[in-house]
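Report on the following structure.
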Amino acid sequence: MSVVVIGGGATGLSTAWWLRREGVPVTVVEKGIVGWEASGRNGGGATHANSPLFREEQRLWPQMDELLGYPTEYQRQRIRIAVTPTQLANMERGLVIAEQQGFQVERLDPKALRDLVPWVGDEVAGGCLLQFGGHANPQRTVQAYAWAIQDLGGTILQHTTVTGIRVRGGKAVAVETNQGEIGCDAVLIAAGPHTNRIAAMVGVDVPVAPARAEMIVTEPVPLIRFGGADGNGLYGRQTLRGNLAYGGGPHEWLELADARTPRPVNSPVVRSLARRLHEMFPRVAHVRVIRSWAGVIENTPDGRPILDRLEDPSNVVVATMSSVGFGLSPASGHALAQLLVSGRCEFADLTWLGLARFHGLDPDWRETAGWVPWSPPAPEISTATGVHS
Amino acid sequence: MPRTIDPTSLAGKDFAIDQHVQVLVVGAGPAGLSAANEAARLGLQVMLVDEHPVASALIGLDIPYLFGERLDPAVQNKPRMLERVVAARPELETSFELGVDVRLGVYVWGAFVEGPTSRALPHRLIGLADEERSWLVSFDRIIVAAGARDLALAFPGWDRPGVVGAQGAAAAMRLYQAFSARRVVVLGAGALGLQTALQAQAAGLQVAGIVDLASPQQGEALDAVRAHDIPIHAGHAVRGTLGGIELQGVRIAPLAAQDAAFDIACDTLIFALDLVPNVELFDLLGCAVSWRPELGGFVPDLDAEGRLSVPGIYAAGDCTGITSSVIADATLGEIAGRCAARAAARDAGIDVEALPPAIHPASLPDRDAARRHWLQSHAPQSGDDVMICRCEEVGLRDLLGVRPPRYLSYKPTSFEHRDLRTLAADGPINQDQIKRLTRAGMGACQGRRCREQVQILLAMQGNQPTGSVPLPSYRAPLRPLPLNVLSAHDETTEMRDNWVVWFGISSQWLPQWEPVPDVIDPRDDRRVLRDFEA
């Protein structure tokens, strides 16, 4: 059998890599550059104990540099920081899911926290050291997947846009692109915010809404032992180079007009990110922000992944990780490769991540939730005479 | 309009805005000053912003020019520097008289306008900052006269303190009067190099020589240089810089006889081969830019009156293109500034005639060839690896090999069959992709010292025109700003009360091996919790 993977993000690339490891002929079709969108520009977090894929993710990440043959900058463990007593109480509640599964958490009093994260202030409420989870460099990891696929003989077609999926006898038999047609025995649709548009080509509605989110990064500061330290309304990490890369805060819902993803811009929210980073790390108040960026991600109505093999066409699998895809990608690719080859995931219970849960979904679900683009009333333009229209 | 507003999204949220201006002018050089004064004369309310005098911490990062650690400690005295900047720009007096709101020592670090991924923005905003705080200003129209910056091209030893750019030297001599150089060698014998040498001579410095691969540009400037008996070494390449921590000289050799190298003693090398138009704001504002090597690189697309592709945005002066006539004649910038101000006024409904535009001559030399020649003669031929990105310590070999940064350990065997050429076989070379993989251009100087040379080196390696490597994106903040300065001290309560780490979808963070509960227990609402990240 041969598989066409539509979408060269972390999920699609990981799936293609797993397929090649099994010797399955695979072609990845990517409209731009691999990992160019959200997969390569996120916080790099890999700590999602609420996911059925998490155990497999935990098993795989420490091996990924070796398995892929290229560096991912994966680092184990995380630190949570609570600046205020309220945040400390919230942090405790958030640890329940992980601890119920047996993952270990070490509580840190302010002094112990300061010993590990010297940037926090005197007033910090506390924190914890997670003996699980971790983080990696998204840009380096997506390229590592792509190179590893090529090293195993897989094909990656960049700058190639999917224009249709040809179905015969209830099965997808070819993927049509602006560069020609690619015959196949199975298809994975893992096109991020474009997943619904691609799935519509086979008559399937995959409810996702795209949005823009943003991050800031500082100049490097000396490395601390556990760089995956965050809190105070921010997610992020210290990179192995030493930069502080953090995001969070309000997103902006988008409508994608066509097959392209427009360049996501930043907003003045970058100042609010700086404010929270400064509040959390007052001892590095002088450290300079040198860059910001934004990315486009998609969410399903309940914010959970859709990892499902369709009934019709029966050889098509759809995948969206609902805005949390990078960290879980070693495991999601493994699961999707199994869905494509054998029809079921052997290592995790994906029962509740199927499309069926959205049967009967209100067609106006995005409007109802307010998950649609919003524009302010037309601004007043002052004229030369000072009269406001 | 949606029936509901998602409270954790940007919809309906405003940002704290310090003030509104009809016309914001960025840059108080000849073009910006004349634009601001003309707009004020036409009855518009104008704010004129200029970053000089810049903080000494930025000077140390070679921002905005290649200062090469050759500014004396006087630059730490901000009030004195402010006086000198005002004294160096007498037209500012007119601005004050006309009621222009002049802000000196203020950085433009961000620009936020409506676009395909930015529809919720209630106003067009510019981010400003000084050394204490940042703030936002809304505007109707903006005239960008952001000037040009130094082109840095590698040569062996160029990363030693004492290597400054032509703009850095000019600012040090004329704007700050704080140049700590005594004996200089100028690299570049074109219009810029000759002018730089003459300015140094006039400032009382000893000019020990002018070096260039090419022959000097004929004309009055060359006659003046000759009259001062400044030695010109045409057809020479730089073989290295001399000295310990401090620069003590430069070693050069004729291109035709590389073993006939000789040394020239100097404490400062001024790299004056060329300049680069500042297009960073245009990129942030979403304005179209085009590759025009005869104008110095990427420049904004503009109509005859100075309008850009996005309505309400105008440009004038060096940031729209650099030519030898522009370098020699500052009045061309002044004309362009007035022209853009007239266009802004006309678009605001003021009845005034358009000014005839200052048009660049039709036939101009392609300066890309000279830049390539410089790199061909200096980067690949040196026996040692040449540093390209100084902030991130990316050498030429690392760049062309697309190697991970030196702080990472990795299997060298994996990269034996990976380099820039194999990457190019997978698709057109993209500098932003190379930046992410090698880190070239990712440092604290924000790529100012390597952006252009990386572009040229990538193009040369791919056997493609320089302009076919697209402009790598610029990002806010356009100047490095400390966390406590960029910080939104004026954040609205609406922003604060609705802040979430990630979307605030409660069901996302509950166990996904269970169905979504029909009703989510409020105690189980983990949307503010920290058990997740993107």
### Task
Please list the non-local residues whose amide H lies under 5 Å from the amide H of B:F271, H modeled 1.01 Å from N, same-chain partners needing a gap of 5 or more.
B:V164, B:G165, B:A166, B:L187
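Above 17 Å lies some portion of the pair distances; for segment B:1-144, what is it as a whole percent of all C-alpha pairs?
Values: 6768 of 10296 pairs.
Above the 17 Å cut-off, segment B:1-144 has 66 percent of its Cα pairs.
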## Note on the structure
Restricted to the protein assembly as shown, the DSSP antiparallel beta bridge percent, nearest 5, is 60 percent
### Message
Spelling out what I want: for every residue of segment B:403-416, take phi, set θ = phi - 60°, compute 6.51 cos²θ - 1.76 cosθ + 1.60 (Karplus), and round to whole Hz; glycine and proline get x.
### Response
7, x, x, 5, 7, 9, 9, 7, 6, x, 4, 4, 8, 4
### Summary
Residue-ordered couplings for segment B:239-244, obtained by feeding phi - 60° into the Karplus form 6.51 cos²θ - 1.76 cosθ + 1.60 and rounding to whole Hz (Gly and Pro as x), are 9, x, 10, 10, x, x
### Task
List the relative contact order of segment A:232-389 as a percent without decimals, with contacts defined as Cα pairs under 8 Å and 6+ residues apart.
17 percent
### Message
With every protein chain kept in place and ligands, DNA and RNA left out, what is the accessible area per residue of segment B:30-115? Probe 1.4 Å, answer in Å².
### Response
36 Å²
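Please state, to two decimals, what the Cα-based radius of gyration of the protein assembly as shown comes to when divided by 2.2 N^0.38 Å (N = residues).
Details: Rg = 28.5 Å, N = 923, 2.2 N^0.38 = 29.5 Å.
With N residues counted in the protein assembly as shown, Rg over 2.2 N^0.38 Å equals 0.97.
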### Query
Taking segment B:226-326, which chymotrypsin sites (Phe, Trp or Tyr not before Pro) meet the DSSP loop condition and have no more than 10 other C-beta atoms within 10 Å?
none
### Task
Please report the base-10 log of the normalised intensity I(q)/I(0) for segment A:179-246, using a Debye sum with one equal scatterer per alpha carbon and no solvent, at each q in 0.28 (1/Å).
-1.22
### Query
To the nearest 500 deg cm²/dmol, what mean residue ellipticity at 222 nm is calculated for chain B from DSSP H runs of n ≥ 4 alone, each contributing -39,500 (n - 2.57), summed and divided by the residues?
-7000 deg cm²/dmol
### Task
Kindly express, to the nearest 10 degrees and within the range 0 to 90, the angle between helix A:138-151's C-alpha long axis and the longest C-alpha principal axis of chain A.
30 degrees
### Query
Relative to the longest principal Cα axis of chain A, at what angle does helix A:10-21 sit, 0 to 90 degrees, rounded to 10?
50 degrees
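If you rank B:R421, B:R436 by how much accessible surface each has, with a 1.4 Å probe, what is the order from largest down? Each step should come with its number before you reach the end.
On the way: B:R421 135, B:R436 30 Å².
In descending accessible area the options line up as B:R421, B:R436.
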### Query
Looking only at Cα atoms, what is the convex hull volume of segment A:224-354 per residue, in Å³?
165 Å³
### Task
Give, rounded to the nearest 20 debye, the magnitude of the charge dipole that chain B has about its Cα centre when Lys and Arg contribute +1 at Cβ and Asp and Glu contribute -1 at Cβ.
920 debye
### Task
Give the Cα extents of segment A:115-173 along the principal axes, in whole Å, largest first.
66, 29, 23
### Query
Normalised by the residues of chain A, what does the relative contact order come to in percent, with Cα pairs under 8 Å and at least six apart?
23 percent
### Under the Karplus curve 6.51 cos²θ - 1.76 cosθ + 1.60, θ = phi - 60°, whole-Hz ³J(HN,Hα) for segment B:122-137, x wherever Gly or Pro sits
x, 9, 7, 10, 10, x, 10, 7, 10, 7, 9, 7, 10, 7, 10, 10
### Message
From the protein chains alone at 1.4 Å, what is the descending order of accessible area for B:I126, B:I335, largest first?
### Response
B:I335, B:I126
### Task
Excluding residues fewer than 8 places away in the same chain, name every one of the lysines whose C-alpha is closer than 26 Å to that of A:K171.
A:K31
### Task
Can you tell me the alpha carbon radius of gyration of chain A divided by the globular rule-of-thumb value 2.2 N^0.38 Å?
1.03
### Task
Quick one: which residues, 5+ away or cross-chain, put their amide H under 5 Å from the amide H of B:R103? H built at 1.01 Å from N.
B:L48, B:V49, B:D50
### Query
Over segment B:159-243, what is the relative contact order in whole percent, taking alpha-carbon pairs under 8 Å and six or more residues apart?
26 percent
### Query
Non-local amide H neighbours of A:S2 (under 5 Å, H modeled in plane, Pro and chain starts lacking H): which ones?
A:D185, A:A186
### Antiparallel DSSP beta bridges within chain A, as percent of all bridges there, nearest 5
75 percent
### Query
How would B:S487, B:S409 rank on accessible area, largest to smallest, probe 1.4 Å?
B:S409, B:S487
### Summary
Summing +1 per Lys or Arg and -1 per Asp or Glu among the other residues with Cβ less than 13 Å from A:S272's Cβ gives -2
## Note on the structure
A 1.4 Å probe over the protein heavy atoms gives segment B:256-327 a carbon and sulfur accessible-area percentage of 54 percent
### Summary
In vacuo Debye sum over C-alpha of chain B, base-10 log of normalised intensity I(q)/I(0) at q = 0.09, 0.11, 0.13 Å⁻¹, listed in q order, is -0.72, -1.03, -1.35
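Output the antiparallel fraction of DSSP beta bridges having both residues in chain B, as a percent to the nearest 5. Mind dumping the intermediate values first?
Numbers: 33 of 66 bridges.
For chain B, the DSSP antiparallel bridge percentage is about 50.
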### Task
Round to the nearest 10 and give me the degree value, 0 to 90, for the angle of helix A:329-341's Cα axis relative to the longest principal axis of chain A.
20 degrees
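The values are calculated or read from the model by the stated rules, or taken from the named source; none is laboratory data. As the structure is a prediction and not an experimental result, all values here were calculated from the model. FYI the Cβ positions are ideal-geometry reconstructions off the backbone, even for glycines, and counts take in every protein chain you see. Just the protein is used for accessible areas: all its heavy atoms, side chains included, with ligands, DNA and RNA removed. Shrake-Rupley method; radii C 1.70, N 1.55, O 1.52, S 1.80 Å.
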